Amino acid sequence: MNAKLLYFLLLLPAIVWAEDVALEPVQKRSPSARSVLLGFGKTNQLDTYLSPMEYTGWQVSFLLQSERMTHLADRHISFQSTFHGAFSSADNPAGTANYLGGRLAYDAAWHYHYSPLPRLDLKGGAMVGADIGFLYNDRNGNNPAQGRFALDVSLSAGASYSFSIKKLPIGVGYQADLPMVGMMFCPDFGESYYEISKRGVGHNLLCAHPGNALSLRQLLTLDFRLRRITLRIGYLCDIRQQNANNLKYHDVSHSFMFGFVRHFQLMKRTP
(Lines give C-alpha, C1' and ligand atoms only; values in the text may rest on other atoms or scores of the structure.)
Protein backbone atom coordinates (compact mmCIF):
# COMPACT_ATOMS: atom_id res chain seq x y z
CA MET A 1 0.00 0.00 0.00
CA ASN A 2 2.84 2.37 0.86
CA ALA A 3 4.56 1.50 -2.42
CA LYS A 4 1.40 2.35 -4.40
CA LEU A 5 1.05 5.68 -2.57
CA LEU A 6 4.70 6.55 -3.21
CA TYR A 7 4.27 5.67 -6.89
CA PHE A 8 1.19 7.94 -7.12
CA LEU A 9 3.00 10.85 -5.44
CA LEU A 10 5.91 10.51 -7.85
CA LEU A 11 3.53 10.61 -10.85
CA LEU A 12 1.41 13.52 -9.54
CA PRO A 13 3.63 16.35 -10.92
CA ALA A 14 3.60 14.72 -14.36
CA ILE A 15 -0.20 14.40 -14.28
CA VAL A 16 -0.63 18.06 -13.32
CA TRP A 17 1.86 19.14 -16.01
CA ALA A 18 -0.02 17.10 -18.62
CA GLU A 19 -3.33 18.75 -17.68
CA ASP A 20 -1.74 22.21 -17.91
CA VAL A 21 -0.31 21.46 -21.34
CA ALA A 22 -3.62 20.13 -22.62
CA LEU A 23 -5.41 23.38 -21.72
CA GLU A 24 -2.57 25.85 -22.32
CA PRO A 25 -3.83 29.15 -23.79
CA VAL A 26 -2.18 30.38 -26.95
CA GLN A 27 0.80 32.50 -25.97
CA LYS A 28 -0.24 36.10 -25.17
CA ARG A 29 -3.83 34.88 -25.74
CA SER A 30 -5.85 35.26 -28.91
CA PRO A 31 -9.20 36.77 -27.93
CA SER A 32 -11.98 37.18 -30.45
CA ALA A 33 -15.18 39.16 -30.07
CA ARG A 34 -18.24 39.48 -32.27
CA SER A 35 -21.04 41.99 -31.73
CA VAL A 36 -24.46 42.55 -33.26
CA LEU A 37 -25.99 45.99 -32.73
CA LEU A 38 -29.24 47.56 -33.86
CA GLY A 39 -29.77 51.30 -33.75
CA PHE A 40 -32.35 54.03 -33.99
CA GLY A 41 -31.71 57.75 -34.13
CA LYS A 42 -31.87 61.10 -35.89
CA THR A 43 -30.39 62.15 -39.22
CA ASN A 44 -29.72 65.50 -40.91
CA GLN A 45 -29.24 65.36 -44.68
CA LEU A 46 -28.26 67.96 -47.26
CA ASP A 47 -27.78 67.20 -50.95
CA THR A 48 -27.76 70.27 -53.19
CA TYR A 49 -27.95 68.04 -56.26
CA LEU A 50 -31.51 67.18 -55.19
CA SER A 51 -32.55 70.18 -53.07
CA PRO A 52 -30.98 73.30 -51.52
CA MET A 53 -32.72 72.59 -48.18
CA GLU A 54 -31.61 70.42 -45.29
CA TYR A 55 -33.88 67.50 -44.43
CA THR A 56 -34.28 66.00 -40.95
CA GLY A 57 -35.79 62.70 -39.89
CA TRP A 58 -35.14 59.27 -38.40
CA GLN A 59 -32.77 56.43 -39.19
CA VAL A 60 -32.62 52.74 -38.36
CA SER A 61 -29.29 50.95 -38.64
CA PHE A 62 -27.30 47.84 -37.83
CA LEU A 63 -23.65 47.29 -37.00
CA LEU A 64 -21.98 43.89 -37.23
CA GLN A 65 -18.43 43.84 -35.90
CA SER A 66 -15.81 41.22 -35.21
CA GLU A 67 -12.29 41.60 -33.86
CA ARG A 68 -9.53 39.07 -33.25
CA MET A 69 -5.85 39.13 -32.43
CA THR A 70 -3.46 38.08 -35.18
CA HIS A 71 0.04 36.61 -35.05
CA LEU A 72 1.55 39.89 -36.27
CA ALA A 73 3.96 41.87 -34.05
CA ASP A 74 4.04 39.16 -31.38
CA ARG A 75 0.21 39.15 -31.14
CA HIS A 76 -0.13 42.89 -30.61
CA ILE A 77 -2.05 43.55 -33.85
CA SER A 78 -5.75 42.82 -34.22
CA PHE A 79 -7.96 42.55 -37.29
CA GLN A 80 -11.39 44.17 -37.18
CA SER A 81 -14.22 43.64 -39.65
CA THR A 82 -17.26 45.94 -39.68
CA PHE A 83 -20.54 45.88 -41.64
CA HIS A 84 -22.71 48.96 -41.28
CA GLY A 85 -26.12 49.46 -42.89
CA ALA A 86 -28.77 52.16 -42.49
CA PHE A 87 -32.15 53.23 -43.84
CA SER A 88 -33.47 56.75 -43.31
CA SER A 89 -36.53 58.89 -43.92
CA ALA A 90 -36.32 62.69 -43.70
CA ASP A 91 -38.54 65.68 -44.50
CA ASN A 92 -37.80 69.26 -45.53
CA PRO A 93 -38.63 72.11 -43.09
CA ALA A 94 -41.98 72.77 -44.80
CA GLY A 95 -42.94 69.09 -44.77
CA THR A 96 -43.65 69.15 -48.51
CA ALA A 97 -40.99 66.66 -49.64
CA ASN A 98 -39.37 63.51 -48.32
CA TYR A 99 -35.97 61.85 -48.64
CA LEU A 100 -35.64 58.08 -48.54
CA GLY A 101 -32.06 56.91 -48.16
CA GLY A 102 -30.10 53.69 -47.79
CA ARG A 103 -26.48 52.90 -47.13
CA LEU A 104 -24.23 49.86 -46.81
CA ALA A 105 -20.57 49.98 -45.82
CA TYR A 106 -17.78 47.54 -45.07
CA ASP A 107 -14.50 48.34 -43.29
CA ALA A 108 -11.42 46.27 -42.51
CA ALA A 109 -8.98 47.61 -39.90
CA TRP A 110 -5.67 46.60 -38.36
CA HIS A 111 -4.87 48.01 -34.90
CA TYR A 112 -1.73 47.86 -32.79
CA HIS A 113 -2.62 47.33 -29.11
CA TYR A 114 -0.83 48.80 -26.10
CA SER A 115 -1.76 48.45 -22.42
CA PRO A 116 -0.10 51.13 -20.27
CA LEU A 117 -2.28 50.24 -17.26
CA PRO A 118 -4.05 47.09 -16.09
CA ARG A 119 -7.47 46.68 -17.73
CA LEU A 120 -6.76 49.58 -20.10
CA ASP A 121 -6.22 48.80 -23.77
CA LEU A 122 -5.23 51.46 -26.31
CA LYS A 123 -5.19 50.79 -30.03
CA GLY A 124 -4.37 52.64 -33.22
CA GLY A 125 -3.95 51.76 -36.86
CA ALA A 126 -5.34 51.96 -40.37
CA MET A 127 -8.66 51.09 -41.97
CA VAL A 128 -9.78 50.52 -45.55
CA GLY A 129 -13.44 50.58 -46.50
CA ALA A 130 -16.11 50.85 -49.16
CA ASP A 131 -19.38 52.75 -48.88
CA ILE A 132 -22.35 52.62 -51.25
CA GLY A 133 -25.79 54.19 -50.93
CA PHE A 134 -28.61 56.22 -52.42
CA LEU A 135 -30.90 59.14 -51.67
CA TYR A 136 -34.34 59.54 -53.29
CA ASN A 137 -36.50 62.67 -53.34
CA ASP A 138 -40.17 61.88 -53.93
CA ARG A 139 -40.89 65.40 -55.18
CA ASN A 140 -38.31 65.78 -57.95
CA GLY A 141 -39.37 65.06 -61.51
CA ASN A 142 -35.92 65.35 -63.07
CA ASN A 143 -33.00 63.77 -61.22
CA PRO A 144 -35.10 62.33 -58.36
CA ALA A 145 -32.27 60.20 -56.96
CA GLN A 146 -28.61 60.46 -56.11
CA GLY A 147 -26.14 57.60 -55.89
CA ARG A 148 -23.27 57.35 -53.41
CA PHE A 149 -20.00 55.47 -53.69
CA ALA A 150 -16.70 55.90 -51.88
CA LEU A 151 -13.48 54.04 -51.15
CA ASP A 152 -11.50 55.26 -48.14
CA VAL A 153 -8.25 54.71 -46.28
CA SER A 154 -8.73 55.94 -42.72
CA LEU A 155 -6.90 56.50 -39.49
CA SER A 156 -8.49 54.53 -36.67
CA ALA A 157 -7.92 54.71 -32.92
CA GLY A 158 -9.69 53.51 -29.82
CA ALA A 159 -9.55 52.57 -26.17
CA SER A 160 -11.28 50.14 -23.83
CA TYR A 161 -11.36 49.78 -20.06
CA SER A 162 -12.87 47.06 -17.90
CA PHE A 163 -13.96 47.23 -14.26
CA SER A 164 -16.60 45.87 -11.90
CA ILE A 165 -19.43 47.37 -9.87
CA LYS A 166 -20.64 45.07 -7.08
CA LYS A 167 -19.26 42.02 -8.90
CA LEU A 168 -20.92 43.09 -12.17
CA PRO A 169 -18.29 43.10 -14.97
CA ILE A 170 -18.46 46.27 -17.06
CA GLY A 171 -16.48 47.33 -20.11
CA VAL A 172 -16.29 50.76 -21.74
CA GLY A 173 -15.06 51.17 -25.31
CA TYR A 174 -14.50 54.01 -27.76
CA GLN A 175 -13.35 54.10 -31.38
CA ALA A 176 -12.97 56.92 -33.91
CA ASP A 177 -12.36 56.49 -37.65
CA LEU A 178 -11.20 59.42 -39.81
CA PRO A 179 -10.98 58.95 -43.62
CA MET A 180 -7.77 60.47 -44.98
CA VAL A 181 -7.62 59.62 -48.68
CA GLY A 182 -9.74 57.73 -51.16
CA MET A 183 -12.04 57.97 -54.13
CA MET A 184 -15.65 59.15 -54.36
CA PHE A 185 -18.41 59.53 -56.93
CA CYS A 186 -19.83 63.01 -57.52
CA PRO A 187 -21.85 64.32 -60.49
CA ASP A 188 -21.21 67.74 -61.97
CA PHE A 189 -23.54 70.59 -61.07
CA GLY A 190 -26.65 70.33 -63.26
CA GLU A 191 -25.52 67.05 -64.85
CA SER A 192 -28.25 64.44 -65.24
CA TYR A 193 -27.73 60.72 -64.79
CA TYR A 194 -28.66 60.30 -68.43
CA GLU A 195 -25.65 62.45 -69.34
CA ILE A 196 -23.49 60.48 -66.93
CA SER A 197 -24.52 57.20 -68.59
CA LYS A 198 -23.63 58.64 -72.01
CA ARG A 199 -20.26 60.06 -70.99
CA GLY A 200 -19.33 57.36 -68.50
CA VAL A 201 -18.68 57.68 -64.77
CA GLY A 202 -14.93 58.04 -65.08
CA HIS A 203 -15.00 61.85 -64.98
CA ASN A 204 -17.26 61.72 -61.90
CA LEU A 205 -14.74 59.77 -59.79
CA LEU A 206 -12.71 62.20 -57.71
CA CYS A 207 -9.92 61.98 -55.17
CA ALA A 208 -11.39 62.27 -51.67
CA HIS A 209 -9.51 63.87 -48.76
CA PRO A 210 -10.37 65.90 -45.63
CA GLY A 211 -10.38 69.08 -47.73
CA ASN A 212 -13.39 67.99 -49.82
CA ALA A 213 -14.85 65.04 -47.89
CA LEU A 214 -14.26 65.56 -44.17
CA SER A 215 -15.97 62.64 -42.43
CA LEU A 216 -15.80 60.97 -39.03
CA ARG A 217 -17.37 57.98 -37.32
CA GLN A 218 -17.37 57.61 -33.52
CA LEU A 219 -18.68 54.70 -31.49
CA LEU A 220 -18.97 54.72 -27.69
CA THR A 221 -20.08 51.46 -26.05
CA LEU A 222 -20.86 50.08 -22.62
CA ASP A 223 -20.80 46.32 -22.02
CA PHE A 224 -22.25 44.55 -19.00
CA ARG A 225 -22.64 40.86 -18.40
CA LEU A 226 -25.82 39.19 -17.18
CA ARG A 227 -25.14 35.54 -16.44
CA ARG A 228 -23.64 34.18 -19.67
CA ILE A 229 -24.81 36.98 -21.96
CA THR A 230 -22.83 40.16 -22.58
CA LEU A 231 -25.14 43.02 -23.50
CA ARG A 232 -23.93 46.17 -25.23
CA ILE A 233 -25.45 49.63 -25.48
CA GLY A 234 -23.82 52.48 -27.31
CA TYR A 235 -23.89 55.78 -29.12
CA LEU A 236 -22.93 56.04 -32.79
CA CYS A 237 -22.15 59.40 -34.38
CA ASP A 238 -21.60 59.07 -38.13
CA ILE A 239 -20.70 62.14 -40.20
CA ARG A 240 -20.32 61.88 -43.98
CA GLN A 241 -19.59 65.03 -45.98
CA GLN A 242 -18.71 65.97 -49.54
CA ASN A 243 -18.00 69.30 -51.24
CA ALA A 244 -17.03 68.99 -54.90
CA ASN A 245 -18.17 70.03 -58.40
CA ASN A 246 -20.12 72.95 -56.90
CA LEU A 247 -22.30 70.49 -54.97
CA LYS A 248 -22.54 70.00 -51.22
CA TYR A 249 -23.63 66.91 -49.35
CA HIS A 250 -23.73 65.84 -45.74
CA ASP A 251 -25.38 63.08 -43.76
CA VAL A 252 -25.05 63.46 -40.00
CA SER A 253 -26.65 60.79 -37.84
CA HIS A 254 -26.82 60.20 -34.09
CA SER A 255 -28.03 56.74 -33.09
CA PHE A 256 -28.64 54.80 -29.91
CA MET A 257 -27.31 51.27 -30.36
CA PHE A 258 -28.14 48.09 -28.46
CA GLY A 259 -27.29 44.42 -28.91
CA PHE A 260 -25.01 41.70 -27.60
CA VAL A 261 -21.38 40.54 -27.73
CA ARG A 262 -19.85 37.09 -27.85
CA HIS A 263 -16.29 36.52 -26.66
CA PHE A 264 -14.10 33.60 -27.68
CA GLN A 265 -10.80 32.32 -26.31
CA LEU A 266 -8.68 30.26 -28.68
CA MET A 267 -6.97 27.31 -27.02
CA LYS A 268 -4.38 24.90 -28.33
CA ARG A 269 -3.62 21.32 -27.46
CA THR A 270 -0.10 20.03 -27.48
CA PRO A 271 0.95 16.42 -27.35
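The values are calculated or read from the model by the stated rules, or taken from the named source; none is laboratory data. This is a predicted model, so every value here is computed, not measured. In this analysis, Cβ positions are derived from the backbone assuming ideal geometry, glycine residues included, and neighbour counts consider all displayed protein chains.
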Just a yes or no: is a residue in segment 88-104 among the acidic types (Asp, Glu) and either on the phi < 0 side of the Ramachandran plot or under 24 Å from the mean Cα position of the chain (by Cα) (or both)? yes
Does residue 60 count as closer than 26 Å to residue 135 by Cβ, of a type in the set (A, V, I, L, M), out of contact with any helix residue (DSSP H, G or I) (no Cβ under 8 Å at 6 or more places or on another chain) and modelled with pLDDT of 95 or more? yes
With the requirement that a residue be modelled with pLDDT under 95, over 18 Å from residue 250 (Cβ atoms) and not charged (D, E, K, R), what does segment 121-142 give you? 140, 141, 142
Within segment 43-60, how many residues turn out to be outside any loop (DSSP other than H, G, I, E, B) and crowded, with 22+ Cβ neighbours inside 10 Å? 5
Being surrounded by fewer than 18 Cβ atoms within 10 Å (Cβ to Cβ), modelled with pLDDT of 90 or more and not small (Gly, Ala, Ser) is true for just one of 8, 83. Which residue is that? 83
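Limited to segment 158-178, what total is found for residues that are free of Cβ contacts under 8 Å to residues at least 40 places away in the same chain and of a type outside the set (D, E, K, R)?
Just the residues of segment 158-178 that are free of Cβ contacts under 8 Å to residues at least 40 places away in the same chain, to begin with: 159, 164-167, 178.
Still in the list and also of a type outside the set (D, E, K, R): 159, 164-165, 178.
So the count comes out to 4.
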Can you find even one residue in segment 246-268 that is of a type in the set (A, V, I, L, M) and free of Cβ contacts under 8 Å to residues at least 60 places away in the same chain? no
Go through segment 231-271 and count every residue that is of a type in the set (Lys, Arg) and either surrounded by 14 or more Cβ atoms within 10 Å (Cβ to Cβ) or at pLDDT 90 or above (or both). 3
